[in-house]
1. Place a +1 charge on the Cβ of each Lys and Arg in chain A and a -1 charge on the Cβ of each Asp and Glu, then give the dipole magnitude about the Cα centre in debye, rounded to the nearest 20.
2. Just to confirm a number: summing +1 for Lys and Arg and -1 for Asp and Glu over residues other than A:Phe74 whose beta-carbon lies under 10 angstrom from that of A:Phe74, what do you get?
3. Putting +1 on Lys and Arg Cβ atoms and -1 on Asp and Glu Cβ atoms, find which of B:Leu19, B:Gln71, B:Tyr50 reaches farthest to the positive end of the dipole of region B:6-111.
4. Build a GNM of chain A with springs between Cα atoms under 10 Å: which of A:Ser94, A:Ser31, A:Ser58 gets the top mean-square fluctuation?
5. Step by step: find N for chain B, compute 2.2 N^0.38 Å, then divide the Cα radius of gyration by it. What's the final number?
6. Among A:Phe49, A:Gln103, A:Gly3, which residue has its Cα positioned farthest towards the positive end of the charge dipole of chain A, with +1 placed on the Cβ of Lys and Arg, -1 on the Cβ of Asp and Glu, and the dipole taken about the Cα centre?
7. Could you check which residue among B:Asn30, B:Asn41, B:Asn55 shows the biggest mean-square fluctuation in a GNM of chain B with a 10 Å Cα cutoff?
8. About the Cα centre of region B:46-111, what is the dipole size in debye to 20, counting +1 per Lys and Arg Cβ and -1 per Asp and Glu Cβ, all else neutral?
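Please treat every number below as a calculation from the coordinates, not as lab data. Here the structure is a predicted model, which means the values were calculated and not measured. Neighbour counts are summed over all protein chains in view; Cβ atoms, including those assigned to glycine, are modelled from backbone coordinates with ideal geometry.
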Amino acid sequence: DAGVIQSPRHEVTEMGQEVTLRCKPISGHNSLFWYRQTMMRGLELLIYFNNNVPIDDSGMPEDRFSAKMPNASFSTLKIQPSEPRDSAVYFCASSFSGTGAAQPQHFGDGTRLSIL
Amino acid sequence: AQSVAQPEDQVNVAEGNPLTVKCTYSVSGNPYLFWYVQYPNRGLQFLLKYITGDNLVKGSYGFEAEFNKSQTSFHLKKPSALVSDSALYFCAGTNTDKLIFGTGTRLQVFP
C-alpha cells in the first residue's frame, strides 16, 4: 500500500514568494497532521484535521501560513509570503481516528524547504 | 501542561550490546505512548505503541519498550544493538489524537 505522499521533496525559492506544499494521506485515514522540523525547535505540530475539518491550528506560526483539506485525499500547506526563517523540513502525517485508542501516525518523507 | 521528555540527546553503544533510550511522560489520564525512528532524509517511522495491558510492548526490528506507571517512564530497549539501528528516536504520548513528541535521542551504534 502507498504511504503518505508529499510533494515536492525539495523546494528552493526566494523570500517573498508563495510556497505550496502538498500531501496525499493514506487511503482510509481520516486525520491529517502537518509538522515542521528544525534543528533549533525540533518537531512542531502546525495544524491537524479530522474528517477534513481543521481541529487545532494553534501551532501555525502566523498569518502567512494557511492549510486546507478540500477532500479526504488531499491537503495543502501554503506560505505567503515566505521568509528565510521558514526554512525547515515539513512533514505530513495521517492516521485513522475513531472511537477508542489513538492510532499511530504515518509520516511522509517530508518537503525540505529552503527560502533564500 | 502535558509533556514528553527524552533526557539524553545522544546514546552511544557498541554493536551487540543492549541499548536503552529513555523517555518520561506527563500525560493526564490513561496515556497512549509511542516510539518512532527517523533515518536521514526520511519521515518518522512507527516502532511500537502502548495502549493498555502488558507493560512490556514488542515492536518492529526487535525493539521493545517497558511502560512503568509509577515512574511515568516508557524506555525503549533492544537486547543486541546493530549498526543499522543508528538513527534518531522519538518518544511521543497523548490521551487524544494530538501527539506530544519528545525532543529526540540520537542513537549511535559503533562496530
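1. It works out to roughly 180 debye.
2. Summing Lys/Arg as +1 and Asp/Glu as -1 gives +3.
3. So the residue we want is B:Tyr50.
4. Largest GNM mean-square fluctuation: A:Ser58.
5. Compared with the compact-globule rule of thumb, chain B sits at 1.00.
6. Highest projection toward the positive end goes to A:Gly3.
7. B:Asn41
8. 80 debye
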